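Every read-out reported here was derived from the displayed coordinates using simple, explicitly stated rules and does not represent laboratory data. Computed from a predicted model, the values in this text were never measured in an experiment. With ideal geometry, Cβ positions are generated from the backbone for all residues, glycine too; neighbour counts draw on all protein chains shown.
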Amino acid sequence: MFDSLQDQLQEVFDDLKGKGRLTEDDIRVAMRRVRMALLEADVSFKVVKSFVAKASARCMEADVLDSLTPAQNVIKVVLDELTSLLGETDARLNLQQGKHPNIIMLVGLQGSGKTTAAAKLAYLLKGEGHNPLLVACDVYRPAAADQLQTLGGEIGVRVYRGEGKDPVKIAKDGMQYAIDNLCDVAIVDTAGRLHVDEEMMAEAESIKAAVDPDEVLMVVDAMTGQDVVNVVETFSARVDFDGVIMSKMDGDARGGGALSIREATGKPIKFISSGEKPSSLEVFHPDRMARRILGMGDVVSLIESAVKVQQQEEEAEATERLRRMDLNLNDFLDMNRQIRKMGGVGKLISALPGGDKMMSQGQVDAHALDRMEVIINSMTKQEREKPDLINGSRRARIAAGAGVTVTAVNQLLKQYSETRKQVKKMMAAYGDFDERPGRKGRPKKGGKKGKKGGSRGRRMAMPGMGGMSLADLKKIQEMME
Amino acid sequence: MGLFSRFTEGLTRTREAFREDVNLLLNRSPEVDEDFWDGLEEALIVSDMGGYSAATIVDKLRNEATRKGLRNARDVLNALNDQIAAEFVEGGDEILGGEGSIVLFVGVNGSGKTTTTGKIAKQAKDAGRTVILGCGDTFRAAAIEQLEVWAQRAGVEICARERGSDPASVCYETIERGEAIGADLVLIDTAGRLHTSADLMRELEKVVSVVRKRANLPVHLVLVIDATTGQNGLQQAREFNNALDLDGVIITKLDGTAKGGIAVAVAHYLKLPIVKLGVGEGLEDLKDFDAHEYAAGLLGDFGQE
Ligand SMILES: Nc1nc2c(ncn2[C@@H]2O[C@H](COP(=O)(O)OP(=O)(O)OP(=O)(O)O)[C@@H](O)[C@H]2O)c(=O)[nH]1
Ligand SMILES: [Mg+2]
């Protein structure tokens, strides 16, 4: 009745191995299994449905790596999509410099791990040079304040317990206590509550209204099942938290709730908490979480190494062309894409000395590259690789395809050949490409992340652009005006 | 609030949400169509029964519906209720019922062990039994104070040592003290631990073996699982069962909207009876398990309408 997930997933790959390119059928079959994998990871039903639809559409248009089976290619797309969904927003704490105190409020279901998380957060902040205060606002669970006090004692952080049974008053008094004791961050631990408990949800709202926190964090147990959507939607509507701490990540729950939370509320996961030690609060990594949710460790490693090899090959090829001082139109496209990834020409130029001035004086056309791309896109593969082939009739065809005039195509080609000349000059000026001993004559593998390659200590290399520097890009940009 | 209204409130909330879903299905068409089956599969998945289980159950049910010529949704759902109820295992009465017993409550962090221990103490005390609580959680901050409050609320004796002491010896002393006062129910709370922590699981095995050696009464191991737990609940149950040879399971927090579908998988695979349900944070928020009612909580209870 309940087959093991591992077996099911294995089947995906057996089914599809060696079938060549992705077909709609391949995608459908693989996605059925992905759907099951996500459900077994506790991603909520509705989220699974929309995710699978989205990822399937992406598969249709995705580049396929020849070194992977079709199913692995599907998994690759799924993994990329998961990673990007999980990490779309900036997930830092909203602390304001100079504000006394910054206030962090923790909310969540019973037993989710708020008190432990509060102590861990305090420990983290203390380590960053803050002077945190823990405020114990759980007046319901027996010995909850004792627990916080003990934890505070262990990590050398002050704890405010207050008097009486009114958590709103305790929270407010706690803020005054923080001011009096020069604590720059106050962490308010609240009682666990069910999202359907009207009275308790109203209380959470009152606490929030009373202390006006800079950051409300919801603590969610990584083991939570399908109900997580109901829970976070209500908490989001009532206390509008800013982010999530996923707790109990040291277990083996796949934590699919993380994806559901993102999709249902748009709120980011900010931390993961894994263990009972105060130091076990870590910054959230979307890529790791994506892998965990998908739960296909072996396949994922395989995909990652295939991607790496592919990247290296592409970069090596580009570098090789540059080395031969032979820039083709595909390189133009690559550049454009790289530049766009970095935030567009505008951003790039602004980052250069004097770039801001150029930008503000309107000397830079931020869309020049985009227009180029349209034209290049309507060229054949052959034409891009050997632009010299492009004669008059080809130019007319390309212009028609791109919806521009032949003059525009001519202009592009002129820019291209000037750029090629310029690049040749630059390359000549650099001298031999690889200066490291023992590697003479071999093209260096692209300037990926500026770490590899011989440009170290000479110029900052551009990612994927084989040793080209920012300054060179500027020259190219100038030529295109 | 009385006992009855409390637990019905908890369970009905769960059930009503589901019933609404299913009512929608029922109203859509008197016939059992493709939408019905899809909707049913969704509802089962949403109850945390698991993707594979849901698919398998629906397949099985479709077969049955065809075989038996079930035409309307209500008959199908009744059949489903029976089918799910049949997954649950009978038994476990000896754990908390009548005869003398030593019970250890185990489970992952925050699942509701301490609260459940307190509620069961109260119920047994009210039933006229002599109860003693043992604080086997010598690890978590303020765990002892927490259980002390519950002992007070239930009006029963508690045996505890200071934090950091050896949990096995606390259990030993609890049993000794229980003997001295003639306790027929010894309830031992243990520290929450993830089943993935080999050290803590080993520690628990040691505690249990000490208890078994010293015990004058039958020893029972009960796993406490939070109803909001997803598919990992099965893994938890497996690991705890492998390490300790469990006797039963308690599902807590059924007063929320989580439906506790993972209990079906746990019962199915590990053949463990469910001995109680937790439906709130109060002393009285404890409910007896009934297979059909539980299945209805997942399915909507049409039989009663
Ligand atoms: N709503 C609801 N809350 C519950 C229920 N059972 C326990 N809780 C709450 O869940 C939280 C954790 O319960 P505990 O009894 O401390 O759980 P535990 O398993 O002993 O926790 P650790 O000892 O820390 O591992 C507390 O806030 C309880 O009040 C229940 O049935 N319903
Ligand atoms: Mg406890």
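In nanometres, what is the gap between the two model label sites at A:D166 and A:K414, each 7 Å from Cα along Cα-to-Cβ?
So the two model labels end up 8.0 nm from each other.
Rounded to the nearest 0.05, what FRET efficiency is calculated for B:K125 and B:D35 with R0 set to 45 Å and r the Cβ-Cβ distance?
0.30
Between A:D180 and A:N94, what FRET efficiency follows from the Cβ-Cβ distance if R0 is 41 Å, with the result rounded to 0.05?
Working from the Cβ atoms, E equals 0.95.
Can you tell me the order of A:378-386, A:268-276, A:165-173 when each peptide is scored by its average per-residue count of other Cβ atoms within 10 angstrom, highest first?
Going by the mean number of other Cβ atoms within 10 Å, highest first, we get A:268-276, A:165-173, A:378-386.
From other protein chains only, count the Cβ atoms within 10 Å of every residue's Cβ in B:230-240, then give the mean.
6
Any idea which of B:M201, B:Y172, B:T190 is furthest toward the positive side of the dipole for segment B:93-288, if Lys and Arg beta-carbons carry +1 and Asp and Glu beta-carbons -1?
B:M201
Work out the mean other chain Cβ neighbour count within 10 Å for the residues of A:251-259 and drop it here as an integer.
4
Holding the Cα-Cα limit at 28 Å, pick out from A:K126/A:K248; A:K76/B:K60; A:K46/B:K68; A:K76/A:K386; B:K119/B:K271 the pairs that are longer than that.
Among A:K126/A:K248; A:K76/B:K60; A:K46/B:K68; A:K76/A:K386; B:K119/B:K271, the Cα-Cα distance tops 28 Å for A:K76/B:K60; A:K46/B:K68; A:K76/A:K386.
What average count of beta carbons from other chains do you get within 10 Å of the Cβ of residues in B:247-257? Spell out each step's value before the answer.
Working: counts 0, 0, 0, 0, 0, 2, 6, 0, 4, 10, 9.
For peptide B:247-257, the averaged partner shielding equals 3.
Rounded to the nearest 20 debye, what is the charge dipole size of segment B:93-288 about its Cα centre when +1 sits on each Lys and Arg Cβ and -1 on each Asp and Glu Cβ?
With Lys and Arg at +1 and Asp and Glu at -1, about 300 debye.
B:E179 to A:A316: FRET efficiency via 1/(1 + (r/R0)^6), r the Cβ-Cβ distance, R0 60 Å, to the nearest 0.05? Don't skip to the answer; put the middle values down first.
On the way: r = 78 Å, r/R0 = 1.30.
My answer for the efficiency is 0.15.
Can you give me the C-alpha center-to-center distance between segment A:385-422 and segment B:124-152, rounded to a whole angstrom?
If we compute the Cα centre of each part, the gap is 83 Å.
Around B:I132, under 11 Å between beta carbons, what's the net of Lys plus Arg minus Asp minus Glu among the other residues?
With Lys, Arg at +1 and Asp, Glu at -1, the neighbours total -2.
Students often get this wrong, so check it: of A:K169/B:K125; A:K208/B:K287; A:K120/A:K270, which have C-alpha atoms separated by over 25 Å?
Those over the limit are A:K169/B:K125; A:K208/B:K287.
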